[in-house]
């Protein structure tokens, strides 16, 4: 189809300039190349489009019809090219963004007004979902993901480190005691996040190295905010990113436990499909996320980039 569009453009130029030689000169190609393009178009339509003599050319009846469509097709292509070129470096159109529910509600959504204020031609479709989405299959331009990235064909930029806390309500700790080491958690009720390690495995870095605690959750949920609310009401111990439970810990609604045995920090990443030029709207969003949540980090196809900041409110 692209070849046919090229042939239509050459055919229209031949008619507009009045000959093959002038068309070739204006297009910067050889006269034989022009002749081949016109012949290819005539073969495609199965009829002669031009009457040729040594002194002049004239359109056949079929050529007049094809010329009208050729000019229209070339004009549409040039208009599309001009429109795309005008917006190539300007964030515009619709940007589809995927993010986790808790992070999207508490951290991302409140900052979008400032971002959109700087991008008047851009609109955002923000979809919050804690499950892992397929960006290509589901039509997303970019996702903000928290965790350890798995190998994939996606591109990723590490934006910040995300710190987690282990905590429980004061009333729960008063009744059940305070764990001193991860092994003490065996005597406690733990609340599990179902999208992480099946909901029943916590990892800690402590003075003696890394340890793991496997448990059967008293309550399991696919939403961190729900688990934090249950923990505040004394249902058990929760391990959540600090952007979810940090305010509760600072206010005393929750108390941190195992402060010397913390979950290893994970990354906040902007993830986007590979294999095509990065659209201005996607690059602008990633730059916004870097400024909002952490600092600069190099583009990477995996999770190996160094963290530039910590999301640890």
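The values are calculated or read from the model by the stated rules, or taken from the named source; none is laboratory data. Keep in mind that this is a model prediction, so the values were computed, not measured. All Cβ positions, even for glycine, are placed from backbone atoms using ideal geometry, and neighbour counts span all protein chains on display.
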Can you pull out every residue in region 199-212 that is at negative phi and within 33 Å of the chain's Cα centre (by Cα)? 200, 201, 202, 203, 204, 205, 210, 212
Residues located in region 220-266, provided they are without any contact (Cβ under 8 Å) to a residue 40 or more places away in the chain and over 15 Å from residue 172 (Cα atoms): 220, 221, 226, 250, 251, 259
Before we move on, is residue 6 surrounded by 14 or more Cβ atoms within 10 Å (Cβ to Cβ) and assigned by TED's automatic domain parsing to the domain that holds residue 64? yes
Please work out if residue 108 is more than 24 Å from the chain's Cα centre (by Cα) and under 25 Å from residue 248 (Cβ atoms). no
Unique residue being outside any helix (DSSP H, G or I) and either outside the structural domain of residue 241 (by TED's automatic domain parsing) or in contact with a strand residue (DSSP E or B) (Cβ under 7 Å, 6 or more places away or on another chain) (or both) when the list is 185, 165: 165
Go through (1) touching a helix residue (DSSP H, G or I) at 6+ places or on another chain (Cβ under 6 Å); (2) outside the structural domain of residue 39 (by TED's automatic domain parsing); (3) in contact (Cβ under 8 Å) with a residue 40 or more places away in the chain for residue 128 and report which single condition fails. (3)
Being at positive phi and within 35 Å of the chain's Cα centre (by Cα), is that true of even one residue in region 262-279? yes
Quick one: which of 267, 192, 246 is buried (at least 20 other Cβ atoms within 10 Å of the Cβ) and assigned to a helix (DSSP H, G or I)? 246
Taking the stated definitions as given, is residue 247 closer than 19 Å to residue 160 by Cβ and out of contact with any strand residue (DSSP E or B) (no Cβ under 8 Å at 6 or more places or on another chain)? yes
What single numbered condition from (1) part of a strand (DSSP E or B); (2) within 19 Å of residue 249 (Cα to Cα); (3) in contact (Cβ under 8 Å) with a residue 60 or more places away in the chain fails to hold for residue 202? (2)
